[in-house]
Amino acid sequence: MDPVRGYLEGTEDLVVGVARTASVADQIAAWIRDQIQFGHIKPGDPVRETPLAEHFGVSRGPVRDALKMLDRERLIDLGGRSGAVVRTQSSAELLSIFRIRAEITALTMRTAAERERRNPRHLDAIRDGAAALVALAVDRDAPVSDYIRVRRRLSTVINLVADSPYLNRLGLELELEIALHWAAMMGKARQHQSSRAWLRIADAIIERRPDDAEREGRAIVLDSLSELLRPEKGIVSPL
């Protein structure tokens, strides 16, 4: 079994119940969300109802419901004359989202490090997830989608340790908006930096070092913003 599948399957029982039962529209929305996060559909690209309905073998009703979900998540824009398109964001929006996300991430990491009663399996999953990210970063053939999948699961487990539904909800809402740019942010060079940062975060949480966990949590988000604002990315222009 490959390490990504091994990690995801090995931690599946830890996150059972985190997600609600998925309807057909939920499943379609999740698939579109993945395509956006993995960089297969980019900001400004159209998202057509008919091809999606044919792909999933359903009527256009569930597809329309899925697009409405993604519109509420601010991943899809349904307001234009040309139909649904993947949202684009101004530099001002992006800076605001990342800066708020950085503070929420910092507080989540601190809370996870400070939590008195913690499931040892959660801590093992945090350590294993960070190690899996390092392995993916050095594997030239590993697709960015594998890195993103493990990164998402690691974040979910850390949120379980932090045990703060309010922080989790706020962080998830902002992370969905950041997801528009995940693939663009996660080139191999950035994966090397990010995976090492996740190792430091994992160690700080496991060893109960809240100040370090908070600092590293904030830094990893702001470093991603710096990567995204690099001129050669051609995504947004810094203010």
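The values are calculated or read from the model by the stated rules, or taken from the named source; none is laboratory data. Computed from a predicted model, the values in this text were never measured in an experiment. With ideal geometry, Cβ positions are generated from the backbone for all residues, glycine too; neighbour counts draw on all protein chains shown.
Tell me, please, whether a residue that is in contact with a Pro (Cβ under 6 Å, 6 or more places away or on another chain) and within 19 Å of F98 (Cα to Cα) can be found in segment 150-165.
no
Quick one: would you say A131 is surrounded by fewer than 19 Cβ atoms within 10 Å (Cβ to Cβ), aliphatic (A, V, I, L, M) and closer than 13 Å to W198 by Cβ?
Taking the combined requirement at face value, the residue satisfies it.
Collect the residues in segment 37-48 that are modelled with pLDDT under 90, in contact with a strand residue (DSSP E or B) (Cβ under 8 Å, 6 or more places away or on another chain) and under 27 Å from R169 (Cβ atoms), keeping them in residue-number order.
I41, P43, listed by residue number.
State whether one or more residues within segment 181-200 are assigned by TED's automatic domain parsing to the domain that holds A131, over 21 Å from Q89 (Cα atoms) and in a loop (DSSP other than H, G, I, E, B).
No, segment 181-200 has no match at all.
Sort through P51, P62 and tell me the only one that's buried (at least 16 other Cβ atoms within 10 Å of the Cβ) and modelled with pLDDT of 90 or more.
P62
In segment 165-202, which residues are more than 25 Å from I36 (Cα to Cα), free of Cβ contacts under 8 Å to residues at least 60 places away in the same chain and buried (at least 17 other Cβ atoms within 10 Å of the Cβ)?
R200
State yes or no: is R196 more than 22 Å from R117 (Cα to Cα) and of a type in the set (K, R)?
yes
Taking A66, is it more than 18 Å from R200 (Cβ to Cβ), within 20 Å of the chain's Cα centre (by Cα) and aliphatic (A, V, I, L, M)?
yes
Pull up segment 13-36, narrow it to residues that are at pLDDT below 85 and in a helix (DSSP H, G or I), then point me to the one that is farthest from the chain's Cα centre (by Cα).
Among those that are at pLDDT below 85 and in a helix (DSSP H, G or I), it is D13.
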